[in-house]
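Contents: one structure, followed by commentary.
Derivation of every value follows stated rules applied to the coordinates shown; laboratory data play no part. Remember, it's a predicted structure, so these values are computed and weren't measured experimentally. Methodologically, a virtual Cβ is constructed for each residue, glycine included, from the backbone with ideal geometry; neighbour enumeration extends over all protein chains shown.
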Amino acid sequence: MAVLVVGCLAWGTCGPARASATAAPDAALPPGSAEIYTRYAVAADHPLASTAGESMLRAGGNAVDAAVATSFALSVVRPFSCGIGGGGFMVIALKEDPRGEIAGPVRVALNYRETCPAAVGPDFYERAPQTEAPDRATLSTFGGRAVATPGTVAGLLRALDRYGTKLRPEVLAPAIRLAREGFAVDAAYEKAAADLAEKFEAEPARKTRFAFVWSRFLREGRVKAGDRITLPEQAEVLESIAARGLDGFYRGPVATMIVDAVRADGGVLTLEDLAAYAVRQSDPLTFTFKKRQFLAMPPPSSGGLAMGQTLGILSRVDLDEHTAQGVSAPYLTLMVEAMKHAFADRAAWLGDPAFVDVPVARLLSPAYLDQRAKFTRVGKSMRPPSYGTRPEGAERAPGAPDDGGTSHLSVIDDHGNAVACTETINLEFGSLVAVGGFCLNNEMDDFTTRRGEANAFGLAQSDRNLPAPGKRPLSSMSPTIVLSPAGEPEVVAGASGGPRIISATTQVVLNVLQLGWGAERAVQAPRLHHQWSPYVLEYERAYEEVRWQGMPVLTWLRKQMNECKPATRGAAVQAIVRRPDGTLEAACDPRKGGTPAGR
């Protein structure tokens, strides 16, 4: 079997490239940032955030302490991606319970996804008068009506109080310092700000409506790399959280400030919505691949289920044969076919399990995966309706929300504890409603806001994902911990980048477990993405130089009846891999930037 012949643009670390918030993969990637550590490691998409987490480990804290410190720091230095105005998912694997309440290892999934305000029902956006918003799609993407009840603070405090070892003031201290002293704008921030500034210039009324974002985060369209951003307002909010815990954010002056800002822009969030917010804790979604146990997020995350289906199908189609000498065109086509099944089922079945039945067990059952694998063959592609399954009598709703403002962090400590955490404010800079030095999310657009209509990204979704009071929208976030056969964390990974989170995280894991690559090579390798609808295969441009058996690999993929187009958006993966000698290789994706920290 021939192997793929690739140049430095495909897998190497040569040549500079334009950075972006999540860089469009249209050029050679810059050298990745990866380090090898002997004790512990933190990988986040900003070096100051990685350092904040590492400081907790250096002070004797555990992986949870480090993850929480990293997340609060990201709220400051990545205001376009995540923050205390958003929500997220965290998967935790501990050797033992630090409180001694659980015997044996601890395996936990924390769901602190944003929730729908009580005043919003299934037809909330459909009922909006056309005169109020000529482009009704913007009601769920920008402004007060786009804001869902934020969950990040509750989730981080739940993790710290129950599974951490440090006190709140110590863990929040790095973020508070960064907010007060400031941080330098990097290439990812500059690109995100420039993109948004263009939209402000095209619609000047936004400059007044979203004045804080325009003047402080965008510097009236003149922000550039090296500029120093200080956020004393967020420092005060973080100090309130450090001193008062949940009450420092969900009740009292900060809560009133949030509600006033949302309602002043036409939103319906209330103090009661904030006070009622609750974190959901559950067992992780588990499945196996290559004799490893995966710990992933259950719904309303779609990432764990989609990854489990993709890997489950691939484990049934002689994958080893097609990777015996490295990556091959048959391997790539099988991976794409498996993705189509997973994303088709995502569109049909997924939602918040507190409100709709999500048949997770059936979709991951051996019988179901056996059935899907029968249709997954090299040289055999099908018409779109043949992928996955759907509820009887239901119309298939295509698509997946395309989150732009997301960040992931991975941690392994020196006790063998691990945390994978992905958080978001949805679009870059969220709803553009800023309060207390941070942006509030626009997560309402991750619901099906208008039945039969596409969302702001041209994508439609199932009625299972309609908004309802207290409901959590479907998400692509995919924090993942892979345990070795001995039970040690072998891979900790996740990504930012909307539905591409799922395909990117899956491919990085495959690169490690199936191809035997290290973290840096696994993260930097070019990627493919197929989300079933639209029925198009996206490829990073590095694939244009890849050949197999003398033929361009894209030709092989097109022969599989795939319409192919260059990707205009990418995903950024942060990963830690335990190497055979026990050392930890941590890699931050050059598509967004970041530097790991550890010892």
Quiz item: Once the dipole of the chain is set up with Lys and Arg at +1 and Asp and Glu at -1 on Cβ about the Cα centre, which of PHE355, ALA193, PHE287 lies farthest towards its positive end?
Solution: PHE287
Quiz item: Alpha carbon centre of region 507-564 versus region 156-191: separation in Å?
Solution: 36 Å
Quiz item: Between region 45-107 and region 312-382, what is the C-alpha centre distance in whole Å?
Solution: 32 Å
Quiz item: Taking the simple approach of a point 7 Å from Cα along Cα-to-Cβ for both ALA211 and PHE375, what is their distance in nm?
Solution: 5.6 nm
Quiz item: By per-residue mean of other Cβ atoms within 10 Å, what is the highest-first order of 110-120, 165-175, 197-207?
Solution: 110-120, 165-175, 197-207
Exercise. Pairs of Cα atoms under 8 Å, at least six residues apart: use those to get the relative contact order of the chain, whole percent.
Key: 27 percent
Quiz item: Could the peptides 149-155, 580-586 be put in order, highest first, of the mean number of other beta-carbon atoms found within 10 Å of their residues?
Solution: 149-155, 580-586
Quiz item: If we sort 361-374, 61-74 on the protection proxy, mean other Cβ atoms within 10 Å, highest first, what's the order?
Solution: 61-74, 361-374
Quiz item: Picking from GLY326, GLY436, GLN309, whose Cα lies most toward the positive end of the charge dipole for the chain (charges on Cβ: Lys, Arg +1; Asp, Glu -1)?
Solution: GLY326
Quiz item: Each label point is 7 Å from the Cα along the Cα-to-Cβ direction; what then is the distance between the points at GLN549 and ASP320, in nm?
Solution: 2.2 nm
Practice problem: Could you check the simple spin-label distance between THR286 and ALA486, using points 7 Å along Cα→Cβ, in nm with one decimal? | Solution: 2.0 nm
Quiz item: Considering the values [x] 22.2, 67; [y] 24.8, 76; [z] 48.1, 152, which represents Rg and Dmax of the Cα atoms in Å as calculated for the structure under consideration?
Solution: [x]
Practice problem: Please compute the Cα-Cα pair-distance distribution of region 472-525 with 5 Å bins starting at 0, giving whole percents from short to long. | Solution: 4, 21, 26, 25, 14, 6, 3, 1
Practice problem: With θ set to phi - 60°, apply the Karplus curve 6.51 cos²θ - 1.76 cosθ + 1.60 along region 376-387 and write out the HN-Hα couplings as whole Hz, x wherever there is a Gly or Pro. | Solution: 10, 9, 5, x, 10, 10, 10, 6, x, x, 7, 8
Practice problem: Go through MET477, PRO596, ALA525 and say which Cα lies farthest out towards the positive end of the charge dipole of region 468-599; charges sit on Cβ, +1 for Lys and Arg, -1 for Asp and Glu. | Solution: MET477
Quiz item: Once phi is turned into ³J(HN,Hα) by the Karplus curve 6.51 cos²θ - 1.76 cosθ + 1.60 with θ = phi - 60°, what whole-Hz value does each residue of region 536-545 show in order, with x for glycine and proline?
Solution: 9, 8, 8, 9, 6, 4, 4, 5, 5, 9
Self-check item: Geometric extent, Cα atoms of region 108-233 - Rg, Dmax (angstrom)
Solution: 18.7, 54
Quiz item: Could you give me the ³J(HN,Hα) list for region 33-45, computed from phi with Karplus coefficients 6.51, -1.76, 1.60 and θ = phi - 60°, whole Hz, x at Gly and Pro?
Solution: 10, 9, 9, 10, 10, 9, 10, 8, 8, 10, 10, 10, 8
Self-check item: Cross-link table LYS340/LYS380; LYS166/LYS471; LYS340/LYS374; LYS191/LYS592, entries beyond 21 Å C-alpha to C-alpha
Solution: LYS166/LYS471
